[in-house]
Structures are given as structure tokens and as C-alpha cells.
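*Asks:* Please see the structure below; I have some questions.
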Amino acid sequence: MVLLKEKGFEEAWILKLWEQFNDEYFLRHQNDEISWQMEGILNHRPGKPLILILEVKNGYEHLGGQSICLYP
């Protein structure tokens, strides 16, 4: 949450969005992954699907490829 608040998002917005995700999501992803996905969702206009693509980096280069987030 700190990363998102530092980018200017209100805590109430963040918490409302987080209610849509189960505990497994937060256990499966690292803080930086959650942050870029949530930032994309919070900046997204409703009514259209969201596709986020992030080049894999920060110690995960050995995995190759990209990280993709799809949000309805």
C-alpha cells in the first residue's frame, strides 16, 4: 500500500480495489508486482478491458519474457 500511496492514490481507493482480490493473490505476488498491477487498474477507465505488459527485470531476467496482467 505504501508504494501506491507514494504515487498519490488514496488509501480508500486502494482498499476498495483490494477487496476484489483474494489472499492467494497477495501471497503469490511480490510488492512491486502488486504495485504496478494496482496502479494500472486504478488509472484505468472502467468499461474496457485492461492489458498491462511489463518487461521482466529487477532480478527476474533469467525468466525471460514479460509479465502480463489482464483485468476485466
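The values are calculated or read from the model by the stated rules, or taken from the named source; none is laboratory data. Since we're looking at a predicted model, the values are computed, not measured. Cβ sites come from the backbone with ideal geometry, for glycine too, and all protein chains shown count toward neighbours.
*Asks:* Would you check if TRP18 is among the aromatic types (Phe, Trp, Tyr) and touching a strand residue (DSSP E or B) at 6+ places or on another chain (Cβ under 7 Å)?
*Replies:* So TRP18 fails the test.
*Asks:* Looking at the structure I just gave you, is PHE26 part of a loop (DSSP other than H, G, I, E, B) and surrounded by 10 or more Cβ atoms within 10 Å (Cβ to Cβ)?
*Replies:* Here the answer is no, as PHE26 does not meet what is asked.
*Asks:* Might you let me know whether the range 36-58 holds any residue that is over 15 Å from VAL2 (Cα atoms), hydrophobic (A, V, I, L, M, F, W, C), at pLDDT below 75 and surrounded by fewer than 11 Cβ atoms within 10 Å (Cβ to Cβ)?
*Replies:* Checked the range 36-58: no residue is over 15 Å from VAL2 (Cα atoms), hydrophobic (A, V, I, L, M, F, W, C), at pLDDT below 75 and surrounded by fewer than 11 Cβ atoms within 10 Å (Cβ to Cβ).
*Asks:* Another question, if that's okay. When the residues of the range 37-56 are narrowed to those that are under 11 Å from the mean Cα position of the chain (by Cα) and touching a residue at least 24 places away in the same chain (Cβ under 8 Å), which ends up nearest to TYR71 (Cα to Cα)?
*Replies:* By that ranking, first place goes to ILE41.
*Asks:* Assess whether PHE9 counts as being at pLDDT 85 or above, out of contact with any His (no Cβ under 6 Å at 6 or more places or on another chain) and not in a helix (DSSP H, G or I).
*Replies:* So PHE9 passes the test.
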